[in-house]
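Structure record follows, encoded as structure tokens.
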Amino acid sequence: MKNTAPRIRASEITPYSTYLRRREFLSSMGVALAALATGRDVLTAERLPIVRKTSTTDDPLTPYNAVTTYNNFYEFGIDKADPARNARTFKPRPWSIAVEGACAKPGSYTLEDVLKPHALEERIYRHRCVEGWSMVVPWVGFPLGDLLRRFEPSGAARFVEFVTVHRPQEMNGQRGLFQLLTWPYVEGLRFDEAMHPLTLAVVGLYGEELLNQNGAPLRIVVPWKYGFKSAKSIATIRFVEKEPRSSWMKSAPQYYGFYSNVNPSPTNSSFRDQSTERRLGEFLMRKTLPFNGYADQVASLYSGMDLRKSY
Ligand SMILES: Nc1nc2c(c(=O)[nH]1)N[C@H]1C(S)=C(S)[C@@H](COP(=O)(O)O)O[C@H]1N2
Ligand SMILES: [Mo]
């Protein structure tokens, strides 16, 4: 990865705790009322305090408008435009995250407890959906491993499970008879994948807080895997001994496996040919790269494995 950050003067860095206090102050001043008028949470317009910027690609960024209106978030509907439309009334605050399973510090943590000690950085990553489209997104977050370590996982924590919030009243896609997936949305990573420095806990994009459709207030991003591994709006983090069964594995195991590493070679998954992709905003197809272009950094995690079978 090349570090594009020149050097940031200490005076330019806002600690996250200061940012949270300012946010509280703005709320108390009734800025939220203005949000009602504009249809947008103006608090999110405040730039996040970012201490470091790293890019993993020279490809142009996918425009903000596309990243925030072309989404997969089935809790809010199955069309790409549904999440931006239907997630407007979703409430990402107050928020708490339950930490469960094989660790020394399980419990219920407020979002503020979770975020407070972490310095935020920007990471520009390629983002590849199993459906065959891709984007380049400037995420804002911090290494997920730094967060997981704070809960002191034990040796029995061989996998980590991530569960999205279950709120049928606020999430129209969780209501109704016909359901493609079982709720809540469950995903998982092997422990070493979760701890890998590329794996991010994400709170924002384009320098601003995540909008609901992108998984506010906290999601993960695992850039060498298909997008569905990157669970949104996380409510529970669970350290487990056995490989979790994700929502997608339950609904269509012939298509979706546990690993779901981006792989342009044929695999035993019958979902589609993954050798090419369409970058949003581009006309010609691109060749899909092994591990989405991150092979140098992650291929060694899978040495000795048959990735045709472990799709
Ligand atoms: N809870 C939840 N997380 C989810 C999904 C979902 O439907 N529900 N969709 C996944 C899929 S298929 C993709 S491609 C990415 C899309 O993230 P984006 O909308 O921020 O680009 O989110 C993933 N995370
Ligand atoms: Mo996806």
Please find, among Glu170, Glu187, Glu193, the residue that is in a loop (DSSP other than H, G, I, E, B) and in contact (Cβ under 8 Å) with a residue 40 or more places away in the chain. Glu170
Is there a residue being outside any helix (DSSP H, G or I) and away from ligand 2 (no atom under 16 Å from the Cβ) anywhere in region 64-86? no
Does any residue of region 121-129 turn out to be out of contact with any strand residue (DSSP E or B) (no Cβ under 7 Å at 6 or more places or on another chain), within 16 Å of ligand 2 (Cβ to nearest atom) and not in a strand (DSSP E or B)? yes
Is it true that some residue in region 239-256 is at pLDDT 95 or above, among the hydroxyl-bearing types (Ser, Thr, Tyr), surrounded by fewer than 23 Cβ atoms within 10 Å (Cβ to Cβ) and part of a strand (DSSP E or B)? no
Taking region 215-235 only, how many residues are over 23 Å from Tyr294 (Cα atoms), of a type outside the set (A, V, I, L, M) and within 12 Å of ligand 1 (Cβ to nearest atom)? 2
All but one of (1) part of a loop (DSSP other than H, G, I, E, B); (2) out of contact with any Leu (no Cβ under 8 Å at 6 or more places or on another chain); (3) surrounded by fewer than 18 Cβ atoms within 10 Å (Cβ to Cβ) hold for Arg93; which doesn't? (2)
Step by step: first the residues of region 226-238, then only those that are more than 15 Å from ligand 2 (Cβ to nearest atom) and either part of a loop (DSSP other than H, G, I, E, B) or among the polar types (S, T, N, Q) (or both), then the one that is surrounded by the fewest Cβ atoms within 10 Å (Cβ to Cβ). Which residue is that? Thr236
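The values are calculated or read from the model by the stated rules, or taken from the named source; none is laboratory data. Model, not experiment: these values are computed from the prediction. Reconstructed Cβ throughout: ideal geometry from the backbone, glycine too, with neighbour counts over all protein chains shown.
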